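Read through the structure below, which is laid out as structure tokens, and then see the notes.
Each reported figure results from applying straightforward, stated rules to the coordinates on display, with no laboratory input. No experiment lies behind these values; they were computed from the predicted model shown. Cβ sites come from the backbone with ideal geometry, for glycine too, and all protein chains shown count toward neighbours.
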Amino acid sequence: MLTKLIHIAALTTLTAASFTPPVGVTCATGSALQCCNSVVSASDNAITNLLGLLGVTVTGANLALSVGVACAPIDVSAACGGTAACCAVNDLDGAVALGCVDV
């Protein structure tokens, strides 16, 4: 019984640790690590429409970029329930972030 409790405690600790962001993580762009509800291709029709509503036009080679949807900087004290990503452009009030790479 004690062995089972130790295994459960270890598994719980390991699981909790895997969802907690590391302290002080920044991306190569110098921006903070973001937690996005999803990260999708800029060529996705729904994303293209959303970007259009925000006044952002994505054409040509930029359609290959990934876009983070509903992003916020990851707080060290909170876990990310979505997709952790580094994004090049984060100045659209969290609605979308451009040039994202999953981490």
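Overview of results
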| quantity | calculated |
| --- | --- |
| Value of relative contact order over segment 40-100, rounded to a whole percent, pairs C-alpha under 8 Å and six or more apart | 34 |
| Inter-probe distance in nm under a simple model that places probes 7 Å from Cα toward Cβ, at ALA28 and LEU63 | 2.5 |
